[in-house]
Amino acid sequence: MFDNIVKKFGFINTIEGYSYLILLFIAMPMKYIFGYPLAVKIVGMAHGVLFILFCILLVEAWKKTNWSLKENILFFLASLIPFGTFYTKNRIKAYE
């Protein structure tokens, strides 16, 4: 049975990944190319909140599922690179 906390973690992983891509490819160019720094402030704050929630849910899912430390480190590192969320999403599906 796929635990509810793991589903929440997978959902936040996806949303956090998209917010990271929006920050990098939309908000940052708006700031540095078009001189509109408010975009980074808004998207950056949203991404920061989602990243903290991602970290909390990662720890909670780790407790519930007994994932290995290596797997958790890979989940965390994947969240730091663009498109790394797809790695995590595929690995979570493997636990179904």
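A short reminder: the numbers here are calculations on the coordinates, not readings from a lab. On a predicted model such as this, the values are computed, not experimentally measured, just so you know. Ideal geometry is used to build each Cβ from the backbone, glycine not excepted, and the neighbour counts take in all protein chains shown.
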The range 1-56 - convex hull of the alpha-carbon atoms, volume per residue in Å³: 52 Å³
Between helix 38-65 and the chain: long-axis angle, C-alpha atoms, 0 to 90°, nearest 10: 10 degrees
Centre separation in Å (Cα based) which lies between the range 10-37 and the range 64-90: 20 Å
On Cα atoms only, tilt of 85-94 relative to the major axis of the chain in degrees: 20 degrees
Label-point gap, in nm, between residue 94 and residue 41 - each point 7 angstrom along Cα→Cβ: 4.3 nm
Non-local Lys pairs in the range 30-96, i.e. 8 or more apart or on different chains, that have alpha carbons under 23 Å apart: 7
Mean separation of Cα contacts under 8 Å, 6 or more apart, over the residue count of the chain: relative contact order %: 41 percent
For the range 45-96, alpha-carbon Rg over 2.2 N^0.38 Å: 1.11
Cα gyration tensor of the range 4-94 - equivalent ellipsoid semi-axes, whole Å, descending: 28, 12, 9
Simple label model, 7 Å out from Cα along Cβ direction - residue 64 to residue 32, nm: 3.8 nm
